[in-house]
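K.L.:
Once you've had a glance at the structure underneath, I'll fire off some questions.
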Amino acid sequence: MKLLLRIVRTIVLFVVLTILSQVGGVIYLIYKPFGVQISKSIKSKITQRLSRFGLFLGFMVVSSLWIIPPIAQQFGRTPLPILATSEIPLKPAHWLFILTNRHYVTPKLKTTIVQVSQQMQSQYPEVQLIYLDANFPFLDNFPLLPHLSHDDGEKLDIAFIYKNSQNHIFLSETPTWLGYGYCEKPKKGELNQPKYCAEKGYWMYNLLSKFTNKKNDYKFDYQANRYLLKLMIKNPAVRKIFLEPHLKTRLKLSKYSKIRFHGCHSVRHDDHIHLQL
């Protein structure tokens, strides 16, 4: 029975880690013999668990930072910057995007978003663009859940730009730890697409927003977000931008056909910008 439970646990962890990071399951299998040796050589259960977790985490970090990137280049994918610099003011919302290998794009998309970040900085020197989910490093059509379309290296989510409501300084982090769920909701008189989708039975559309609270110190910056979206629109490589309809109207971008509604079968897009080639 114990052997069966161990096999089931290994299979479950392999599947979960593969879903979350594409290669995490393989890394887990490589780590497994070392973890077994730790269990045999250390008597304390707490020390065993901490040691095994630390070793597996080390495997993931080494793989994500040094092993996977050069291999991914052979598959036409390249990682986005890990840290923002003065030359490239672009960074992830959280280190988990790096550890789970969800920060890969095609070279063309990387060039595009780097250009946009640099153009943005020329107008707003204090702003650093923050990216969320991109794509996995290998294979087209491998799903990056829970997204429906982040599967070919040509899609990228970008966080909105916020100011501190008290001192009006641009913030360099997102309102939520992974950047999703903090929505700029429709105002009175604006098209309420989230309500419409919910009434049609698409319960997933508003799911993330139910787990986040309004933070009074985060203020959506109208001018900076409009300028960012116009940079994306004007970039010839950009083919589509998904944005909630009420924000497209509020930001006075209704005439631009690149900005589209993504459909009720997706999730709401008033918490981030979806960009794709």
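K.L.:
So which pairs qualify, if the first residue must be in segment 207-235 and in the same structural domain as Leu247 (by TED's automatic domain parsing) and without any contact (Cβ under 8 Å) to a residue 60 or more places away in the chain, the second must be surrounded by 14 or more Cβ atoms within 10 Å (Cβ to Cβ) and aromatic (Phe, Trp, Tyr), the Cβ gap must be under 7 Å, and the two must be at least 6 apart or on different chains?
P.N.:
Qualifying pairs under 7 Å: Thr212/Tyr182; Tyr218/Tyr162; Lys219/Tyr162; Ile233/Tyr256.
K.L.:
Let me ask another. Looking only at segment 258-277, how many residues end up being touching a helix residue (DSSP H, G or I) at 6+ places or on another chain (Cβ under 9 Å) and either in contact (Cβ under 8 Å) with a residue 60 or more places away in the chain or farther than 20 Å from Tyr180 by Cα (or both)?
P.N.:
13
K.L.:
Still on this model: Hey, could you check segment 150-173 for residues that are in contact (Cβ under 8 Å) with a residue 60 or more places away in the chain and under 17 Å from Gly76 (Cβ atoms) and say which is surrounded by the fewest Cβ atoms within 10 Å (Cβ to Cβ)?
P.N.:
Glu154
K.L.:
I've got another one for you. Just for segment 27-71: of the residues that are in contact with a Ser or Thr (Cβ under 8 Å, 6 or more places away or on another chain) and modelled with pLDDT under 95, which one is nearest to Leu96 (Cα to Cα)?
P.N.:
Top of the filtered list is Arg52.
K.L.:
Suppose we filter segment 116-137 for residues that are surrounded by 14 or more Cβ atoms within 10 Å (Cβ to Cβ) and farther than 12 Å from Thr78 by Cβ; how many remain?
P.N.:
15
K.L.:
Quick one: Ile68 ticks every box in (1) under 17 Å from the mean Cα position of the chain (by Cα); (2) crowded, with 21+ Cβ neighbours inside 10 Å; (3) outside any loop (DSSP other than H, G, I, E, B) bar one, so which box is it?
P.N.:
(1)
K.L.:
Give Lys240, Lys255, Lys215 a once-over and let me know the one that is more than 23 Å from Ala134 (Cβ to Cβ) and under 21 Å from the mean Cα position of the chain (by Cα). Quick ask: steps written out before the conclusion?
P.N.:
On the way: Lys240 fails: more than 23 Å from Ala134 (Cβ to Cβ); Lys255 fails: under 21 Å from the mean Cα position of the chain (by Cα).
Every option except Lys215 fails the conditions.
K.L.:
Under 7 Å between Cβ atoms, which residue pairs at least 6 apart in sequence (or on different chains) link something in segment 117-135 that is closer than 23 Å to Lys155 by Cβ and in the same structural domain as Asn225 (by TED's automatic domain parsing) with a partner that is polar (S, T, N, Q) and surrounded by fewer than 16 Cβ atoms within 10 Å (Cβ to Cβ)?
P.N.:
Taking only residues 6 or more apart or on different chains, the pairs are Gln128/Ser172.
K.L.:
Which of the residues that make up segment 199-229 are among the aliphatic types (A, V, I, L, M) and either surrounded by fewer than 17 Cβ atoms within 10 Å (Cβ to Cβ) or in contact with a Ser or Thr (Cβ under 6 Å, 6 or more places away or on another chain) (or both)?
P.N.:
Within segment 199-229, Met204, Leu207 meet the criteria.
The values are calculated or read from the model by the stated rules, or taken from the named source; none is laboratory data. As the structure is a computational prediction, the values presented were derived from the model and not from experiment. Here the Cβ is made from the backbone with ideal geometry for all residues, glycine too, and neighbour counts use every protein chain on show.
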